[in-house]
Amino acid sequence: MSSSMIRIESLTKRYGPTEALKGLSFEVPRGQVVGFLGLNGAGKSTTMRILAGYVTPTSGKALVGGIDVAVDPVAARRLVGYLPENNPLYEEMMVIDFLRFIADVRGVPADVRSTRIKNAVERCGLGAVIGKDIGQLSKGYRQRVGLAQAILHEPDLLILDEPTSGLDPNQIVEIQNLIRELGREKTVILSTHILPEVQAMCSRVLIIKNGVLATDNSTERLALGDEGGAVTVVLASRHGSSLDAAAVQRALEAVPGVAKVETGEAEGSASLGFLLRYAVEDPRRALFEAAVKNEWVLLEVHRAQTSLEDTFRKVTAEDATDPRKAA
Amino acid sequence: MNSTLAVARREFKTFFASPIAYIVLGGFLLVSGWLYFSTLLLAGQASLRNFFGFAPVLFVVLVPAITMRSIAEERKSGTLELLLTMPLEDWQVVLGKFLASVGMVGVGLMWTLPYAFTVAGLTATGSVFDWGPVIAGYLGLLFLASSFVALGLWASALSKNQIVGFIVGLIVCFAFYFVDKFAALLPASLGQVLEYLSVDYHFENIARGVLDTRDLLFYGSLTAAGLLFTTRTLSASRQ
């Protein structure tokens, strides 16, 4: 029994003349929450559909919990909870009837059926709408119904195709919290276009481009990017006197971890602003020590985390010469 | 099996959630009732012969109207993706939908039972109403409906357009009804082949009260073929 929840080996998928996947390979161990990124048409949904057992691969292997989806699709589907893109649901059904139907089709045993449904309803916060037709629900509630449907049979693997698309900011946060909670006990693979979402939920990022894997790395490492991270600092003298910018810059350069110091924006004349670049080690603790020693007041310390977007843009850019560079 | 029945139950309930079911069933009962009672007194016979005479041609329209949305609608709304990622074999999905549609035809037929009771009440004093042909006729109609449902499901699986599902289903069912209608004009050997292919010919045999294995085999084969084609068409959407 292999420990990986997902194993994909040189997977290809052809729809007529178009090649959606061109030899994709990756592995996901049990318990990991993986973000699946890529531009539209890169092959994210196709990969997820293959894993969920909706479409069959043209060649290559896709194993879910050690079961080949092409050899025993029904057994593989039992292990998976799937939220398809656009979350299609039976509009004319009541929420509770729909969940009962899913439980029956999934073969949830009769003695645990009502407990499982109750759990799913509670976790997804559906108590208030249980007797409503799905067609009448708001988009946020619909998404919760889709999630409830996916977790009803307590699957080992959750495949969520754009779980937060089309939701308002509050709904996004709710769904994110729910997914984070589910990620504590299950393997989750989710696709999204919202990069901060990956940082909020996933420990690992896979970027797919033109049907092949372009990047596979931990979220933390990717967030740092090639140039490392950056910390913006605004500081002033503790005694109210003005500071010598050159001297402060020298002192900052001496802070452990800091690779480079650039001048940044200050707040008014009594303060100085800097941008500290670092490679690996976060210099904020050392910065505090330095501030105490030099009697500065730190007005602002902010670690910038924008470089996942930079990495994404770089990796997915059409003219990227070496897409594996960021890995 | 439970999963198949779950699909069938959901499908059956869905019929009644849309007005189409009521319109289709209402239309069927209206036309069949009118045809039935307008000829009953003319014939002056206490039997359901005339009803069983025109019922097959009504089924040519009724059954595709019932099956047209079955798979097409799931394709259109995207729920097919949800259904096809459930731990079910494709044939189980098809079988579930088949059972629901046959059940729906059964509901329609149930509402025609009053015809049988009225006619039984009209039987001349002293004679006994013969229930044999009535039971055989209803049984035959269910067999005929099963084969039409299987063909109609295949038509519905072809595209995401219900209208296409209806028209293709209508054409296919009509072909199997009409195929022997000019058999008398053709050489005997060819005529026999066409007769064998006709759902109407086999239905007449059963409605006469003769349950022959040849007729049952015909309906069984046609139904199985329809379900097989439907399953293959459905599986093709995974490609």
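Just one of (1) at pLDDT 95 or above; (2) touching a Gly at 6+ places or on another chain (Cβ under 6 Å); (3) more than 26 Å from B:GLY191 (Cβ to Cβ) trips up B:GLY132, so point out which.
Only one criterion is unmet by B:GLY132, namely (1).
I'm trying to understand the selection: among the residues of the range B:202-239, which are touching a residue at least 40 places away in the same chain (Cβ under 8 Å), in contact with a Ser or Thr (Cβ under 7 Å, 6 or more places away or on another chain) and within 14 Å of chain A (Cβ to nearest Cβ)?
The answer is B:ARG238, and nothing else.
So, in the range A:69-102, how many residues would count as being in contact with a Leu (Cβ under 8 Å, 6 or more places away or on another chain) and farther than 15 Å from B:LEU84 by Cα?
Residues flagged as in contact with a Leu (Cβ under 8 Å, 6 or more places away or on another chain) and farther than 15 Å from B:LEU84 by Cα within the range A:69-102 amount to 3.
Which count do you get for residues in the range A:280-308 that are in contact with a helix residue (DSSP H, G or I) (Cβ under 8 Å, 6 or more places away or on another chain) and either in contact (Cβ under 8 Å) with a residue 40 or more places away in the chain or in the same structural domain as A:THR219 (by TED's automatic domain parsing) (or both)?
First, the residues of the range A:280-308 that are in contact with a helix residue (DSSP H, G or I) (Cβ under 8 Å, 6 or more places away or on another chain): A:280, A:287, A:290, A:294, A:296-298, A:301, A:303, A:305, A:307-308.
From the residues that got through so far, the ones that are either in contact (Cβ under 8 Å) with a residue 40 or more places away in the chain or in the same structural domain as A:THR219 (by TED's automatic domain parsing) (or both) too are A:280, A:287, A:294, A:296-298, A:301, A:303, A:305, A:307-308.
Going through the range A:280-308 one residue at a time, the tally reaches 11.
Which of the residues that make up the range B:1-19 are within 15 Å of B:THR67 (Cβ to Cβ) and of a type outside the set (S, T, N, Q)?
Looking only at the range B:1-19, we keep the residues that are within 15 Å of B:THR67 (Cβ to Cβ), and these are B:7-8, B:11-12, B:14-15, B:18.
Correct list: B:VAL7, B:ALA8, B:GLU11, B:PHE12, B:PHE15.
Take residues that are at the interface with chain A (Cβ under 10 Å from one of its Cβ atoms), modelled with pLDDT of 90 or more and touching a helix residue (DSSP H, G or I) at 6+ places or on another chain (Cβ under 6 Å) and tell me which of the helices (runs of 4 or more DSSP H) falling wholly in the range B:1-86 contain 3 or more.
Numbers: elements: B:2-17, B:19-43, B:49-77, B:79-84.
Counting at least 3 such residues, we get B:2-17.
Regarding A:HIS239, is this residue in the same structural domain as A:VAL33 (by TED's automatic domain parsing), surrounded by fewer than 18 Cβ atoms within 10 Å (Cβ to Cβ) and either in contact with a Leu (Cβ under 9 Å, 6 or more places away or on another chain) or assigned to a loop (DSSP other than H, G, I, E, B) (or both)? Reasoning before the result, please.
Numbers: in the same structural domain as A:VAL33 (by TED's automatic domain parsing): no; surrounded by fewer than 18 Cβ atoms within 10 Å (Cβ to Cβ): yes; either in contact with a Leu (Cβ under 9 Å, 6 or more places away or on another chain) or assigned to a loop (DSSP other than H, G, I, E, B) (or both): yes.
No.
Which residue out of A:ILE189, A:ILE208 is part of a strand (DSSP E or B), among the hydrophobic types (A, V, I, L, M, F, W, C), modelled with pLDDT of 90 or more and out of contact with any strand residue (DSSP E or B) (no Cβ under 6 Å at 6 or more places or on another chain)? Show your work before the answer.
Details: A:ILE189 fails: out of contact with any strand residue (DSSP E or B) (no Cβ under 6 Å at 6 or more places or on another chain).
Exactly one residue qualifies, and that residue is A:ILE208.
If I filter the range A:162-175 for residues that are farther than 28 Å from B:PHE12 by Cβ, within 14 Å of another protein chain (Cβ to nearest Cβ) and surrounded by 20 or more Cβ atoms within 10 Å (Cβ to Cβ), do I get at least one hit?
Yes, the range A:162-175 contains at least one residue that is farther than 28 Å from B:PHE12 by Cβ, within 14 Å of another protein chain (Cβ to nearest Cβ) and surrounded by 20 or more Cβ atoms within 10 Å (Cβ to Cβ).
For B:GLY132, work out the one condition from (1) in a helix (DSSP H, G or I); (2) in contact with a helix residue (DSSP H, G or I) (Cβ under 9 Å, 6 or more places away or on another chain); (3) farther than 30 Å from B:LEU88 by Cα it doesn't fulfil.
Failed condition: (2).
Return the total of residues in the range A:35-69 being in contact with a helix residue (DSSP H, G or I) (Cβ under 9 Å, 6 or more places away or on another chain), in a loop (DSSP other than H, G, I, E, B) and within 12 Å of chain B (Cβ to nearest Cβ).
Looking only at that region, the number is 6.
Please indicate, with yes or no, whether at least one residue in the range A:108-121 is of a type outside the set (Gly, Ala, Ser), within 14 Å of chain B (Cβ to nearest Cβ), touching a residue at least 40 places away in the same chain (Cβ under 8 Å) and within 21 Å of A:GLN32 (Cβ to Cβ).
Looking for residues that are of a type outside the set (Gly, Ala, Ser), within 14 Å of chain B (Cβ to nearest Cβ), touching a residue at least 40 places away in the same chain (Cβ under 8 Å) and within 21 Å of A:GLN32 (Cβ to Cβ), one finds none in the range A:108-121, hence no.
The values are calculated or read from the model by the stated rules, or taken from the named source; none is laboratory data. In this text the structure is predicted, and so the values were computed from the model without any measurement. All Cβ positions, glycine included, derive from the backbone under ideal geometry; neighbour counts span all protein chains shown.
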